[in-house]
1. Scan segment 110-151 for residues that are hydrophobic (A, V, I, L, M, F, W, C), farther than 20 Å from F6 by Cα and either assigned to a helix (DSSP H, G or I) or modelled with pLDDT of 95 or more (or both) and report the count.
2. Go through segment 15-58 residue by residue and tally those that are of a type in the set (F, W, Y) and at pLDDT below 95.
3. From the list A135, A107, A62, pick out the single residue that is out of contact with any Asp or Glu (no Cβ under 7 Å at 6 or more places or on another chain) and closer than 19 Å to Y41 by Cα.
4. Return the only residue of K97, K101 being open to solvent by 80 Å² or more (accessible area, probe 1.4 Å) and either touching a residue at least 24 places away in the same chain (Cβ under 8 Å) or assigned to a helix (DSSP H, G or I) (or both).
5. What's the number of the condition L18 fails, among (1) buried (at least 22 other Cβ atoms within 10 Å of the Cβ); (2) without any contact (Cβ under 8 Å) to a residue 60 or more places away in the chain?
6. On the basis of being assigned to a loop (DSSP other than H, G, I, E, B), touching a residue at least 60 places away in the same chain (Cβ under 8 Å) and surrounded by fewer than 13 Cβ atoms within 10 Å (Cβ to Cβ), does N2 make the cut?
7. Look through segment 26-66, keep the residues that are buried (at least 18 other Cβ atoms within 10 Å of the Cβ) and charged (D, E, K, R), and return whichever of them is farthest from R89 (Cα to Cα).
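The values are calculated or read from the model by the stated rules, or taken from the named source; none is laboratory data. This is a predicted model, so every value here is computed, not measured. Cβ: placed from backbone, ideal geometry, glycine included. Neighbour counts: every protein chain shown. Quick note on the areas: whole protein, heavy atoms, side chains included, nothing else; ligands and nucleic acids left out. Shrake-Rupley method; radii C 1.70, N 1.55, O 1.52, S 1.80 Å.
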Amino acid sequence: MNKIEFLIIHHEAGNQGLYGVNEFHKQKFNFISKLDWFVGYHYYCDKLGKITQTRTDDEIGAHTLGYNENLGICLQGDFNNEQPTTNQRHALRLWIKQKMKQYNISANNVKGHRNFRDTSCCGKNLPDNELKEMALYEEDIKEDEIKELEKQISLLQQIINKLKEWLNYKK
């Protein structure tokens, strides 16, 4: 595989989810990855911010004509008509920073699909300047923020357990 020079950001332009995109790309390309996905992007980010790798980084993708040796990530949603979720924005920022470091990619080479082709992808609600800000973002999550998030997760788990108990009690 050639050197990875760009991180190319896409939106699904819909809300079919990972399995819907996989089926669509199976019908369109029938180009299976080493990871057994038909998804043409290397990564997919759902609305909860969960990123799934669908192609190895060294595989050719099927996401940006003429630039498929570069990494493509697709976010669930139609960002011409809705906003990316906070979780998606956070996950995308972390993914961008990780891949920039891993492949020594410049912030100038983090781009929306629209920069390579006549398309609105990755949507008006995920503009180029925001992608650039994500790429330039330097501050890491602080230790106290991690502890606070862990407390919130623990509290939510307690609530879920109480709800499960209550639902079992009602049966």
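1. Counting residues in segment 110-151 that are hydrophobic (A, V, I, L, M, F, W, C), farther than 20 Å from F6 by Cα and either assigned to a helix (DSSP H, G or I) or modelled with pLDDT of 95 or more (or both) gives 2.
2. Number satisfying all stated conditions: 2.
3. Of the residues listed, the single one that is out of contact with any Asp or Glu (no Cβ under 7 Å at 6 or more places or on another chain) and closer than 19 Å to Y41 by Cα is A62.
4. The unique qualifying residue is K101.
5. It is condition (1) that L18 fails.
6. Against the criterion (assigned to a loop (DSSP other than H, G, I, E, B), touching a residue at least 60 places away in the same chain (Cβ under 8 Å) and surrounded by fewer than 13 Cβ atoms within 10 Å (Cβ to Cβ)), N2 qualifies.
7. Among those residues, the one meeting the criterion is R55.
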